[in-house]
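Heads up: the structure comes next, in structure tokens.
No value in this document is a laboratory result; all are computed from the given coordinates. Everything numeric in this text was worked out from a predicted model, so none of it was measured. Here the Cβ positions follow ideal geometry from the backbone for every residue, glycine too, while neighbour counts run over all protein chains shown.
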């Protein structure tokens, strides 16, 4: 047998794969993995077919097709009153995960430290490990899962190369305010630290007009890399089209990695998305309203349940505290929900290095059609 040393010795099968396999085997209703059970806009599907038939089937430019980069720049101007150069500051990637990984590999080297906040998305730490850096994991605090600013200040040192921020936040549905970003900007002022901002759910915010985009803070312009996803905004997660925005110097370095990871992204999808973003921009601007109806239907429907609902202010995820129901840890509780109640959820302890010992919370996805959400309420309210 060939012998080798794994570069990711601590990485195994993800909880999403495990839960989905159990759910499929038992026929359980799957609210675990974060994807819609409904399709995207008919216009978008027609446009991708159009471009395939028109022969847009070869490599796209490494940076992304110009039409899509131009559409993104216009969108940022409409929504955030922010001007971006589509040629030097926008790069199309094969999903947001590629953009995040390329950004980490571009700047993190052996001996560097990267601050990440638990519960955190599962791709961050493996990418840091591959880069030779080390993740310094700090827990978000309180029921609102807020940034631990005092611990951030204590943790920053000469080895700190990057801080990864996820807002709107998966899995909690929390998000940073302008005041949070201003406070964070002061902590990194005059320090050689890059901020990698995972904003894939930027379109799905509730209770206020829009997500606060940190690119509107001039003090962050030289250190901020922002990552976005069309999969989340267009209900087409399988298309794997994302993009990143950064100043020209940072963009150039990330593109060096991007060109050797995927080089380019599905051409016809880029062309279709350019048309969709230009001609149906209201669908992007009103995405929060679309998901707010689903959130409110779910949250209101669980008012009489035994779960404590941690109402999200963003994303299409909702946390349920089951401490009044069971003393099981969250992984075992999720398995019990599948086996005994026919519904799949995700334990949030898997998003931590060291989860709070008394935490009993599971995550559900409400990016589902009305029939699915109604079935989910029937099940959850009967527990």
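Among the residues making up the stretch 135-151, a single one is in contact with a helix residue (DSSP H, G or I) (Cβ under 7 Å, 6 or more places away or on another chain) and over 17 Å from residue 352 (Cβ atoms): 149. The criterion of being surrounded by 20 or more Cβ atoms within 10 Å (Cβ to Cβ) and under 30 Å from residue 272 (Cβ atoms) does not hold for residue 88. Looking only at the stretch 155-170, residues that are in contact (Cβ under 8 Å) with a residue 40 or more places away in the chain, part of a loop (DSSP other than H, G, I, E, B) and more than 30 Å from residue 291 (Cβ to Cβ) come to 3 in all. Considered as a group, the residues in the stretch 48-76 that are in contact with a strand residue (DSSP E or B) (Cβ under 7 Å, 6 or more places away or on another chain) and closer than 17 Å to residue 284 by Cα include one that is surrounded by the most Cβ atoms within 10 Å (Cβ to Cβ), and that residue is 68. Looking at residue 210 and the list (1) in contact with a helix residue (DSSP H, G or I) (Cβ under 8 Å, 6 or more places away or on another chain); (2) surrounded by fewer than 21 Cβ atoms within 10 Å (Cβ to Cβ); (3) within 18 Å of residue 254 (Cα to Cα); (4) touching a residue at least 40 places away in the same chain (Cβ under 8 Å), which single condition is not satisfied? Going through the list (1) in contact with a helix residue (DSSP H, G or I) (Cβ under 8 Å, 6 or more places away or on another chain); (2) surrounded by fewer than 21 Cβ atoms within 10 Å (Cβ to Cβ); (3) within 18 Å of residue 254 (Cα to Cα); (4) touching a residue at least 40 places away in the same chain (Cβ under 8 Å), residue 210 breaks only (3).
Do we find a residue being over 23 Å from residue 168 (Cβ atoms), in contact with a strand residue (DSSP E or B) (Cβ under 9 Å, 6 or more places away or on another chain), assigned to a loop (DSSP other than H, G, I, E, B) and free of Cβ contacts under 8 Å to residues at least 60 places away in the same chain anywhere in the stretch 354-365? Among the residues of the stretch 354-365, at least one is over 23 Å from residue 168 (Cβ atoms), in contact with a strand residue (DSSP E or B) (Cβ under 9 Å, 6 or more places away or on another chain), assigned to a loop (DSSP other than H, G, I, E, B) and free of Cβ contacts under 8 Å to residues at least 60 places away in the same chain, which makes the answer yes. Note on the stretch 49-154: enclosed strands (runs of 3 or more DSSP E) holding 2 or more residues that are touching a residue at least 12 places away in the same chain (Cβ under 8 Å) and over 19 Å from residue 199 (Cα atoms) are 134-139. Within the stretch 218-246, being over 26 Å from residue 291 (Cβ atoms) and out of contact with any strand residue (DSSP E or B) (no Cβ under 8 Å at 6 or more places or on another chain) holds for 218, 219, 221, 222. Whenever a residue of the stretch 228-253 is free of Cβ contacts under 8 Å to residues at least 60 places away in the same chain, it has no partner that is surrounded by fewer than 19 Cβ atoms within 10 Å (Cβ to Cβ) and part of a strand (DSSP E or B) lying with C-beta atoms less than 9 angstrom away and at least six residues away or across chains.
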